[in-house]
Amino acid sequence: GNSVTQMEGPVTLSEEAFLTINCTYTATGYPSLFWYVQYPGEGLQLLLKATKADDKGSNKGFEATYRKETTSFHLEKGSVQVSDSAVYFCALSSNTGGFKTIFGAGTRLFVKA
Amino acid sequence: GAVVSQHPSWVICKSGTSVKIECRSLDFQATTMFWYRQFPKQSLMLMATSNEGSKATYEQGVEKDKFLINHASLTLSTLTVTSAHPEDSSFYICSAPLERTGTEHGYTFGSGTRLTVV
């Protein structure tokens, strides 16, 4: 079945450091890929998405490229801020999975001032 | 943008009582609503999928009689935790597709309900 694997956290960085959170997936068909962010005590917010191979999703300085050859969708940001501290979830959704969203385990990011 | 309003944001209840959680789509119609449960520091686990006007589809291992889901209209889905016990304490989140069909646009999530059963 479909699955998502993302790097374990927590990840602790200093402000303005470069961020990479790895995400790989297994899926049949042609899934859409997403990154969601969850701030403390809140629900999930869609951060960015990509719907086909080689698409790059971007938002708020975050980027991720849909790599079909490596089945990856790594999240990157060139310069993190304290306000980026949150839990990040990689996810996929596929018509072969009944459109259910499959989430990775989440990666907690702490950014120090 | 499309918003799902979830209430209450937190609730404390006594063991044996029932708690209802509501999710309303504010500016769009949600034919489908997904209900997730999230344990501390863990990912979201899909509990069930509710469809307007029909019975919900539950994931394996989720007790249908304990977690009652009703999707009476295109803008309202409810989850009722019946005869709650401390092990039901968790963070519950609802989610609706941003399009009625297809997955390209992702999903919008409610803000979550933290349930504590004492």
field: Solvent-accessible area per residue, Å², over segment A:37-113 with all protein chains present [probe radius 1.4 Å]
entry: 45
statement: Any residue on another chain or 5+ positions along whose placed amide H is under 5 Å from the amide H of A:Y30 is listed here as A:N95, A:T96
field: Karplus (6.51, -1.76, 1.60) ³J(HN,Hα), θ = phi - 60°, over segment A:74-89, in Hz, Gly and Pro reported as x
entry: 6, 8, 9, 8, x, 8, 7, 10, 4, 5, 7, 4, 4, 9, 10, 10
query: On the accessible surface of the protein assembly as shown, probed at 1.4 Å, how many percent belong to carbon and sulfur atoms?
result: 51
statement: Quick tally, 1.4 Å probe accessible area for B:M47, A:M7, sorted with the most first, runs A:M7, B:M47
query: Equivalent-ellipsoid semi-axes (√(5λ), Cα gyration tensor) for chain B, whole Å, largest first?
result: 23, 14, 13
query: Regarding chain A, what is the average projected area of its C-alpha convex hull, in nm²?
result: 6.5
- request: Taking each pair of different alpha-carbon atoms in segment A:64-113 once, compute 1/r for the pair, average those values, and report the inverse of that mean as the Kirkwood hydrodynamic radius in Å to one decimal.
  value: 12.9
- line: SASA check, B:E87, accessible area w/ 1.4 Å probe, all protein chains in place, rounded to nearest 10 Å², comes out at 130
- request: With a 1.4 Å probe and every protein chain left in place, work out the accessible area per residue of chain B in Å², rounded to a whole number.
  value: 50
- request: Tabulate in residue order the Karplus-calculated ³J(HN,Hα) for segment A:39-46, using 6.51 cos²θ - 1.76 cosθ + 1.60 with θ = phi - 60°, rounded to whole Hz; enter x for Gly and Pro.
  value: 7, x, x, 10, x, 8, 10, 5
- prompt: Label B:F39 and B:S54 with points 7 Å out from Cα along Cα→Cβ: what is the distance between them in nm?
  reply: 3.2
statement: In vacuo Debye sum over C-alpha of the protein assembly as shown, base-10 log of normalised intensity I(q)/I(0) at q = 0.07, 0.08, 0.11 Å⁻¹, listed in q order, is -0.22, -0.29, -0.55
- request: Leaving out ligands, DNA and RNA, calculate the buried accessible area for the pair B and A with a 1.4 Å probe, summed over both sides, in Å² to the nearest 100.
  value: 1600
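The values are calculated or read from the model by the stated rules, or taken from the named source; none is laboratory data. A quick note: this is a predicted structure, and the numbers were derived from the prediction, not measured. Because the Cβ atoms are built from the backbone with ideal geometry, glycine has one as well, and the counts that use them run over all protein chains shown. Surface areas here come from the heavy atoms of the whole protein model, side chains and all, with no ligands, DNA or RNA. Shrake-Rupley method; radii C 1.70, N 1.55, O 1.52, S 1.80 Å.
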